[in-house]
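One structure is given here, and the rest of the page talks about it.
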Amino acid sequence: ALKGNKDWKPAWRKPDPKASYDVIIIGGGGHGLATAYYLAKEHGITNVAVLEKGWLGSGNVGRNTTAVRSNYLLPANTRFYEHSMKLWENLSHELNYNVMFSQRGCLNLAHTPAQFDDYARRGNAMRHLGVDAELMTPAQIKRLISALDISDSARFPVVGGLMQRRAGTARHDAVAWGYARGADRRGVDIIENCEVTGFLRDGDRVTGVATSRGDIRAKKVAVAVAGSTGRVMQLAGVETMPIESHVLQAFVTESLKPFIDTVVTFGMGHFYMSQSDKGGLIYGGDIDGYNSYAQRGNLPIVDEVMSEMLALFPGLARVRMLRSWGGVCDMSMDGSPIITTGPLPGMYLNCGWCYGGFKATPASGWCFAWTIAKDQPHDLNAPFTLDRFHRGLLIDDKGQGANPR
Ligand code: FAD
């Protein structure tokens, strides 16, 4: 097909940076690209550059395990992630790019009656806000996932589960490429291999960036660098952020016949799994237990994740693992994100996605674009400012931000 289509155009241009822009977005991950797209589409702001130090998709947007859900407990998170879910449901049409959004459901397994009660509470909270949620019995779960060890002799017997049927998975690279193409076609300059190395200042005000391809001025500078937030903010002289960078690993097995058509999570630890369209099992667990900017992890987590997998699916003991990899996650102190103006004049900040920011990509870009265009947060991201850490108004979803992804 490639041979016969010599006139195919690149999905986005490769422009040289201009001397100045209305808005510069640092970071060509999912969030930076979505922000550029919605700035152009929703607010008519097209004199925009996205500066990416590597290539598009080299960060977490191309490393995640693609679980998408909106099954949170606290209203601020539920509303935000449900807005994202609604954008996901139309994203392939919106971008005219198949992001392979597959609403195959996400099932959280409960292993104690108390945990099941907790899931019922969360499911009720979700339904109060109009989000779908369904409790499942062990017999229903067994019918859905026959390979699961649901016997009383399992290490952690399954007593029930909370299912969100509209949850699922999407093709992560396609999300980056679709937003990039959509933004580029509206006039946004996407500039790869352009690392931001400093900030241009006029007093406190940020007036542009120094980059590996020269200085670029801007009326507004937006930071969306996920796991590199601490480093980039240090370049602006902001030394303390409520963020720690940790590696999160993921794994894929050899291809198997389709046998699990939902995302499933383990309630007694950190483990979750789905099966890709190619047949590989995609799975992961907890973050590595030390701060790091390395995009690879360590063996103790590998051991832990494999043990958890076998506790649920003993029949997978002989399946071969094909690959593992790691990405650097921007862990916020309460597990919830930050989408805000500031902290310096002329600057806007998007971070704190922990290990769950892929599902947020559409809403994050949509809300961040609003915040940049109007110089104030939208109602949906008003709770997600930096100020909450000063005032002690944490949005701690007790692990739901973290597990399942
Ligand atoms: P990134 O893609 O990391 O984008 C940030 C970009 O900034 C990078 O491309 C980087 O190169 C660039 N950058 C950094 N510094 C500079 C600089 N100085 N100058 C220019 N550019 C710079 N979330 C889910 O919702 N579901 C999941 O199942 C899930 N699984 C995950 C599994 C793993 C293994 C990992 C690592 C993460 C997972 N996540 C998941 C989290 C999700 O991937 C991230 O929260 C999200 O991708 C972060 O936003 P982003 O796409 O903008 O980040």
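The values are calculated or read from the model by the stated rules, or taken from the named source; none is laboratory data. The shown structure was predicted, so the numbers you read here are calculated from the model rather than taken from an experiment. In this analysis, Cβ positions are derived from the backbone assuming ideal geometry, glycine residues included, and neighbour counts consider all displayed protein chains.
For the stretch 330-345, taking the residues that are of a type in the set (A, V, I, L, M, F, W, C) and at pLDDT 95 or above, the one that is farthest from Ala224 (Cα to Cα) is identified as Leu344.
Within the stretch 346-381, the residues that satisfy the criterion of being modelled with pLDDT of 95 or more, under 19 Å from the mean Cα position of the chain (by Cα) and in a loop (DSSP other than H, G, I, E, B) are Gly352, Trp353, Gly357, Phe358, Lys359, Ala360, Leu380, Asn381. Of these, Gly178, Gly161, Gly182, which one is more than 16 Å from Asp261 (Cα to Cα), away from the ligand (no atom under 15 Å from the Cβ) and buried (at least 23 other Cβ atoms within 10 Å of the Cβ)? Unique residue meeting the criteria: Gly182. As a summary of the residue check, Gly269 satisfies the conditions (1) surrounded by fewer than 19 Cβ atoms within 10 Å (Cβ to Cβ); (2) modelled with pLDDT of 95 or more; (3) out of contact with any Leu (no Cβ under 6 Å at 6 or more places or on another chain); (4) farther than 30 Å from Arg231 by Cα except for the one numbered (2).
For the stretch 244-282, name all the residues that are acidic (Asp, Glu) and farther than 23 Å from Cys354 by Cβ.
The initial filter retains those residues of the stretch 244-282 that are acidic (Asp, Glu), namely 244, 254, 261, 277.
Once the filter is applied, which keeps residues that are acidic (Asp, Glu) and farther than 23 Å from Cys354 by Cβ, the stretch 244-282 yields Glu254, Asp261, Asp277.
Answer with yes or no whether Ala311 is of a type in the set (A, V, I, L, M, F, W, C) and surrounded by fewer than 14 Cβ atoms within 10 Å (Cβ to Cβ). No: the conditions fail for Ala311.
Applying the criterion of at least 2 residues that are buried (at least 17 other Cβ atoms within 10 Å of the Cβ) and within 14 Å of the ligand (Cβ to nearest atom) to the helices (runs of 4 or more DSSP H) found wholly in the stretch 1-116 leaves 30-43, 75-89.
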